[in-house]
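Report on the structure given below.
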Amino acid sequence: MTIHSSAPMPDSLRHFMRASQHPARSVACPHCGAHAHRPCVLRKTGRQLPQPHPQRVSAWAQAMACCPDCQVEPGITCHDEGRARTTVHNRRYQEAEEVAA
């Protein structure tokens with residue numbers, strides 16, 4: 001039996017294999033620089049982490065959902081009365097999880 005590493009994988013199989021992963025892995029990690037669909041790593045040792053960095057989860061929520069608290073569209077940073085936040089509001093995480101489901 002020959003294994004072909006460049007053989008295309010059907011989308012249904014690809015989805016099944018990624019179903020157990022956190023949906024935040026669909027975006028690149030701004031903290032460690034891990035590419036989309038790759039696990040986050042420790043920057044010093046390169047060890048792969050089982051869960052994504054909080055910054056990656058925040059970037060995923062920002063890319064996927066509108067924020068019910070500050071009324072911004074996907075891709076725009078959350079704010080508190082005009083001041084930009086470094087993380088997104090908790091309700092935006094909930095919205096992103098509903099969109100991903």
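The values are calculated or read from the model by the stated rules, or taken from the named source; none is laboratory data. Predicted, not measured: the structure shown is a model, and the values here were computed from it. FYI the Cβ positions are ideal-geometry reconstructions off the backbone, even for glycines, and counts take in every protein chain you see. Quick note on the areas: whole protein, heavy atoms, side chains included, nothing else; ligands and nucleic acids left out. Shrake-Rupley method; radii C 1.70, N 1.55, O 1.52, S 1.80 Å.
Some points to look at:
- Label of the coordinate-derived value, Cα extents along the principal axes in Å, listed as (1) 57, 31, 19; (2) 37, 26, 24; (3) 62, 34, 18: (3)
- For the chain, accessible area per residue (1.4 Å probe, heavy atoms of protein chains only), Å²: 73 Å²
- Taking the charge dipole of region 24-77 about its Cα centre, with +1 at Lys and Arg Cβ atoms and -1 at Asp and Glu Cβ atoms, the residue from HIS37, SER26, THR77 reaching farthest to the positive side is HIS37.
- Amide H partners (placed H, <5 Å) of HIS79, local residues excluded: ARG85
- Near the amide H of HIS31, within less than 5 Å, lie the amide hydrogens of ARG56, all on another chain or at least 5 residues away, with H placed in the peptide plane.
- Shape of region 18-70, Cα gyration tensor, a/c cut at 1.5: prolate
- Surface composition of the chain: carbon and sulfur atoms hold 53% of the protein heavy-atom accessible area at a 1.4 Å probe.
- Per-residue accessible area (protein heavy atoms, 1.4 Å probe) orders GLU73, GLU95, GLU81 as GLU81, GLU73, GLU95, starting from the largest.
- Relative to one another, the C-alpha centroids of region 33-47 and region 64-101 are positioned 25 Å apart.
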